[in-house]
């Protein structure tokens, strides 16, 4: 996987060798968060009464220490319908197993994206190859990034991203695939990344002016950059088509061990009329699939 791979594999290998004491802490944290679990045939802890309102997804890179086959098995047992941020060979594997891919990886990278006009021809060419395949696989969205500032002003970055995305929109519209640009924090994890504030991203959506361009609002990243998560989601929900979770600090579990209260966030998001995919993107620090099942339960309110 090309995206955010450093330090993740080691985390998962450590979690895979989890001690009994850690399991106890995991169960205690689930109880603290008000979660009730039922044992599934696969051994994962499945939400006892998860709401059908949400289409739950999980980000592949957070489980790089396990095989995709195992992640598919556990996701199905938990009630997750999508595994996302996949490259083309993985789309087919997930689809064959009866799951969806809510978001395909696109032709940009976090540091190299639409904010540099010299990258546009390469990005458009990559999109011309990918988008028909994404559409044929039934994947509704493809992720892109702004790229790093590297001295570029936010005004110029906005102008350059607008120009490049407008070139891409006719193809996205004809393919029926929504292009989503992720909001990331430039304070802790992705220094110098340009699309790091919701207002900047929402202005970009307005300038591009297509129903096939929206934002990926990463709750973890935006809590770090600007806080005020619920009000921001309410204000800008029309510009957002996808959401990622993550506990602050550390992008760990989304239970009572961190500063965000996800049941309130989910209730507020429900009130906006959102009905898309809601993706878990945290790095488990305990038994990985117990933590994943707990997160789905927390977000099923």
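How many of the residues making up the stretch 172-199 are under 16 Å from residue 216 (Cα atoms) and surrounded by fewer than 17 Cβ atoms within 10 Å (Cβ to Cβ)?
So the answer is 1.
Condition check ((1) surrounded by 15 or more Cβ atoms within 10 Å (Cβ to Cβ); (2) under 20 Å from the mean Cα position of the chain (by Cα); (3) in contact (Cβ under 8 Å) with a residue 60 or more places away in the chain; (4) in a loop (DSSP other than H, G, I, E, B)) across all residues:
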{"residue": "118", "(1), (2), (3), (4)": "no, no, no, no"}
{"residue": "121", "(1), (2), (3), (4)": "no, no, no, no"}
{"residue": "130", "(1), (2), (3), (4)": "yes, yes, no, no"}
{"residue": "150", "(1), (2), (3), (4)": "no, no, no, yes"}
{"residue": "158", "(1), (2), (3), (4)": "yes, no, no, no"}
{"residue": "161", "(1), (2), (3), (4)": "yes, no, no, no"}
{"residue": "170", "(1), (2), (3), (4)": "no, no, no, no"}
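Being surrounded by fewer than 22 Cβ atoms within 10 Å (Cβ to Cβ) and modelled with pLDDT of 95 or more: is that true of residue 222 here?
So residue 222 does not fit the description; no.
Looking only at the stretch 51-62, which residues are modelled with pLDDT of 95 or more and over 13 Å from residue 94 (Cβ atoms)?
Listed by number, the residues that qualify are 56, 61, 62.
For residues that are out of contact with any strand residue (DSSP E or B) (no Cβ under 8 Å at 6 or more places or on another chain) and in a helix (DSSP H, G or I), scanning just the stretch 283-301, find the one that is farthest from residue 271 (Cα to Cα).
Within the stretch 283-301, the match that is farthest from residue 271 (Cα to Cα) is 288.
Looking at 257, 210, can you tell me which residue is modelled with pLDDT under 95 and surrounded by fewer than 23 Cβ atoms within 10 Å (Cβ to Cβ)?
None of the others qualify; the one that does is 257.
Taking residue 29, is it part of a loop (DSSP other than H, G, I, E, B) and either out of contact with any strand residue (DSSP E or B) (no Cβ under 9 Å at 6 or more places or on another chain) or modelled with pLDDT under 95 (or both)?
No: the conditions fail for residue 29.
Does at least one position in the stretch 101-109 carry a residue that is modelled with pLDDT of 95 or more, closer than 26 Å to residue 169 by Cβ, assigned to a helix (DSSP H, G or I) and in contact with a helix residue (DSSP H, G or I) (Cβ under 9 Å, 6 or more places away or on another chain)?
no
Please specify each residue of the stretch 132-145 satisfying the condition of being touching a helix residue (DSSP H, G or I) at 6+ places or on another chain (Cβ under 9 Å) and not in a helix (DSSP H, G or I).
Within the stretch 132-145, 137, 138, 139, 140, 141, 142, 144 qualify.
Going residue by residue through the stretch 209-220, is there one that turns out to be at positive phi and touching a helix residue (DSSP H, G or I) at 6+ places or on another chain (Cβ under 7 Å)?
No - not one qualifying residue is present in the stretch 209-220.
Kindly indicate whether residue 252 is touching a helix residue (DSSP H, G or I) at 6+ places or on another chain (Cβ under 9 Å), surrounded by fewer than 21 Cβ atoms within 10 Å (Cβ to Cβ) and within 24 Å of residue 67 (Cα to Cα).
Yes.
Just to be sure, is residue 267 within 15 Å of the chain's Cα centre (by Cα), more than 22 Å from residue 180 (Cβ to Cβ) and surrounded by fewer than 21 Cβ atoms within 10 Å (Cβ to Cβ)?
It is false that residue 267 is within 15 Å of the chain's Cα centre (by Cα), more than 22 Å from residue 180 (Cβ to Cβ) and surrounded by fewer than 21 Cβ atoms within 10 Å (Cβ to Cβ).
Looking at (1) out of contact with any helix residue (DSSP H, G or I) (no Cβ under 8 Å at 6 or more places or on another chain); (2) within 13 Å of residue 243 (Cβ to Cβ), find the lone condition where residue 274 falls short.
That leaves (1) as the condition not met.
Quick check on my filter: what residues within the stretch 177-227 are part of a strand (DSSP E or B) and over 13 Å from the mean Cα position of the chain (by Cα)?
Passing the criteria: 178, 179, 193, 213, 214.
Applying the selection to the stretch 230-253, what residues are in contact with a strand residue (DSSP E or B) (Cβ under 9 Å, 6 or more places away or on another chain), in a strand (DSSP E or B) and free of Cβ contacts under 8 Å to residues at least 60 places away in the same chain?
Selection gives 240, 243.
Between a residue in the stretch 265-276 that is without any contact (Cβ under 8 Å) to a residue 40 or more places away in the chain and at positive phi and any residue that is surrounded by 15 or more Cβ atoms within 10 Å (Cβ to Cβ) and in a helix (DSSP H, G or I), which pairs come within a Cβ distance under 8 Å, given they are 6 or more apart or on different chains?
273/237
The values are calculated or read from the model by the stated rules, or taken from the named source; none is laboratory data. Keep in mind that this is a model prediction, so the values were computed, not measured. Please note: Cβ atoms are built from the backbone with ideal geometry, for glycine as well, and neighbour counts cover all protein chains shown.
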